[in-house]
1. Would you confirm whether any residue within segment 31-38 is in a loop (DSSP other than H, G, I, E, B) and in contact with a strand residue (DSSP E or B) (Cβ under 8 Å, 6 or more places away or on another chain)?
2. Condition check: under 14 Å from the mean Cα position of the chain (by Cα), loosely packed, with under 14 Cβ neighbours inside 10 Å and modelled with pLDDT of 95 or more. Does residue 29 satisfy that?
3. Considering only segment 68-90, state which residues are surrounded by fewer than 16 Cβ atoms within 10 Å (Cβ to Cβ), in contact with a helix residue (DSSP H, G or I) (Cβ under 9 Å, 6 or more places away or on another chain) and under 14 Å from residue 50 (Cβ atoms).
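The values are calculated or read from the model by the stated rules, or taken from the named source; none is laboratory data. Just so it is clear, the structure is predicted and the values come from calculations on it, not from any experiment. FYI the Cβ positions are ideal-geometry reconstructions off the backbone, even for glycines, and counts take in every protein chain you see.
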């Protein structure tokens, strides 16, 4: 993977991985050249296979922008930050990052669900 960008200028992913919260949702926004989409999907599926075998993993879903968009969003739910951090920093996962196409840029960020009356349940 050629690029990593922070999604939020205030809280970096490294800052977030030091938090003690859970459950959490990873949102990872990817962009990639159109010619590399198949390679991105192959690398992402390989990563997802690894992640789903890790303690604290709950679920994941990949989304693709419509109308010719080159944007992808991965939404993954984890038991807590520690479980995500352990999986993300695992040497096997770090090795797999090299399998992404050179045009791919990732923007991962951790979130928590919010309760909003009449709209969202926490």
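1. Looking for residues that are in a loop (DSSP other than H, G, I, E, B) and in contact with a strand residue (DSSP E or B) (Cβ under 8 Å, 6 or more places away or on another chain), one finds at least one in segment 31-38, hence yes.
2. Values: under 14 Å from the mean Cα position of the chain (by Cα): yes; loosely packed, with under 14 Cβ neighbours inside 10 Å: no; modelled with pLDDT of 95 or more: yes.
The answer is no for residue 29.
3. Listed by number, the list holds a single entry, 90.
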